[in-house]
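Taking it in order: structure first as structure tokens, then the write-up.
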Amino acid sequence: MASKDSQNQKPESLPGFLPGATNPDQHSRAASSHPRKQARQQPNEPQPSSFLPTASLPPGLEYLSQLDLIIIHQQVELLGMILGTETSNKYEIKNSLGQRIYFAVEESICFNRNVCSTLRACTLRITDNSGREVITVNRPLRCNSCWCPCYLQELEIQAPPGTTVGYVAQKWDPFQPKFTIQNANKEDILKIIGPCATCGCFGDVDFEVKTVDEKFTIGKISKYWSGFVNDVFTNADNFGIHVPADLDVTLKAAMIGACFLFDFMFFEHSLAGL
């Protein structure tokens, strides 16, 4: 008969497994004795440490911690359609249920919007439903040409405002749109690779999110096709960010910034600009 000490002793986790993961040997023995529970009891798989959530979340980013789908909807600017001018962009950021979690507003000078157009310098301020600013995206004036290998597009992500947590930087490539998501020290964490053609005629446009070595795809950023009428007569775009739910929230915030950048670079058009 087993002693009380042996009954009360807790199993130790094996090195190399995440905290809370079960011992594989114990799991196999338990599964064999309880075959009906085998399908429900699955050991946790280890994940790359650079993708794990941080211990302390930036204030206001708690909403992103368990999301695997983030929807970004650009609001239609009727004034810009009527007057034929470029107005400040506004975006609703929603979860998979369509509930708004953030609202983003562009701050830029009218002269820059109408002269520099899609290359304009701007700041996008992202607030939660209480009106608190939780993310700031700064975009400087940069070049946008596949023939220009220098002074390419870049975004700075701050969360909370004033604290830089990452960057989205364009990498020169003559054939495909390529970007990297960097941490606050400008070290590459992830890569984003788009298709050769981003026109999105009659279909979605997918930008794949890959590891730095480009061996694995961990998600994608999609520009959803909204139909011929919307594409021609408005500049309102819809995006979807598909990522692992346990991805670091600062990387999710950087991907939101990447959506704004892609909108400016590839999809910011209207009837006045055709």
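Values quoted throughout were computed directly from the atomic coordinates according to the rules given, and no laboratory measurement underlies them. What you see is a predicted model; the values in this text were computed from it and never measured. Heads up, the Cβs are rebuilt from the backbone with ideal geometry, glycines too, and the neighbour counts pull from every protein chain shown.
What is segment 93-162 by shape, rounded, prolate or oblate, if you read a ≥ b ≥ c off the alpha carbon gyration tensor as root eigenvalues and call it rounded for a/c under 1.5, prolate for a/b larger than b/c, and oblate otherwise?
Cα axes put segment 93-162 in the prolate bin.
Under 13 Å from the Cβ of Ala184, count the other residues' Cβ atoms, weight Lys and Arg +1, Asp and Glu -1, and hand me the total. Display every interim value, and only then the final one.
Details: positive: Lys186; negative: Glu156, Glu187, Asp188, Asp248.
That works out to -3.
State the three equivalent ellipsoid semi-axes of segment 93-209, derived from the C-alpha gyration tensor as the square roots of 5 times its eigenvalues, in descending order and whole Å.
Square roots of five times the eigenvalues give 24, 19, 17 Å.
I'd like to compare 103-111, 165-173: which one has the highest average count of other Cβ atoms within 10 Å, and what's the full order after that?
Sorting 103-111, 165-173 by mean packing, highest first, produces 165-173, 103-111.
P(r) of segment 178-227 in 5 Å steps, Cα pairs, percent per bin?
Pair shares across the bins are 5, 21, 24, 20, 14, 9, 5, 1, 0.
Give me the net charge for the shell around Tyr224: Cβ to Cβ below 9 angstrom, other residues only, Lys and Arg +1, Asp and Glu -1.
Numbers: positive: Lys223; negative: Asp204, Asp237.
With Lys, Arg at +1 and Asp, Glu at -1, the net is -1.
Given points 7 Å out from each Cα along the Cα-Cβ axis, report the Thr211 to Lys186 separation in nanometres with one decimal.
If labels sit at Thr211 and Lys186, their model points lie 2.6 nm apart.
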